[in-house]
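Participant: Structure incoming, see below.
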Amino acid sequence: MTDALALVLLSGLSGAVLTVIGGFIGAAIQGRREHRKWVQERRYEAFVALEKHLHRWRVIEAGTHRLAQERGVMSEDSSPDEEAVLRYRNLIREADSHSGARYDAMAGVVILGPPSVERAAQAVLRTRAGDDDSATIVRVDDALIAEMRVALGIRN
């Protein structure tokens, strides 16, 4: 009778132990899933903020470059009209104030990664309207978007 009682107690106890172990394993798996989801959501937010910043930066940069070319603002031998100079100075002022936002936009990408997106973003920031041809600018912009999609697990 003691053997039968020991067998019943042992099987009940082992079932409880396995249930507790299974609970811990399930909780660990769920914790990892939630962390991955949290990282992915924060990356998405960081990538959107960076893309907005880069778009605005391109608009400012293209405007200053276009004004400088069309109106001769940067040329010493031309006398640009005052309106062009004022627009140019406003764009330069906006570019200066916007350049501080670059660090804010890049911070999330640097912290959350992955490094491939950070490298692609740095490549975009190194391109300049007027200095680089439009094909180069489009190529590095597309490469950044592709890296962001890979990081977010988005299939094309």
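No value in this document is a laboratory result; all are computed from the given coordinates. Since this is a predicted model, take the numbers as computed values, not measurements. Reconstructed Cβ throughout: ideal geometry from the backbone, glycine too, with neighbour counts over all protein chains shown.
Participant: Can you find a residue that is surrounded by 10 or more Cβ atoms within 10 Å (Cβ to Cβ) and either at positive phi or acidic (Asp, Glu) (or both) anywhere in the range 1-17?
Facilitator: no
Participant: Further question on the same structure: Being in contact (Cβ under 8 Å) with a residue 12 or more places away in the chain and small (Gly, Ala, Ser), is that true of even one residue in the range 15-36?
Facilitator: No, the range 15-36 contains no residue that is in contact (Cβ under 8 Å) with a residue 12 or more places away in the chain and small (Gly, Ala, Ser).
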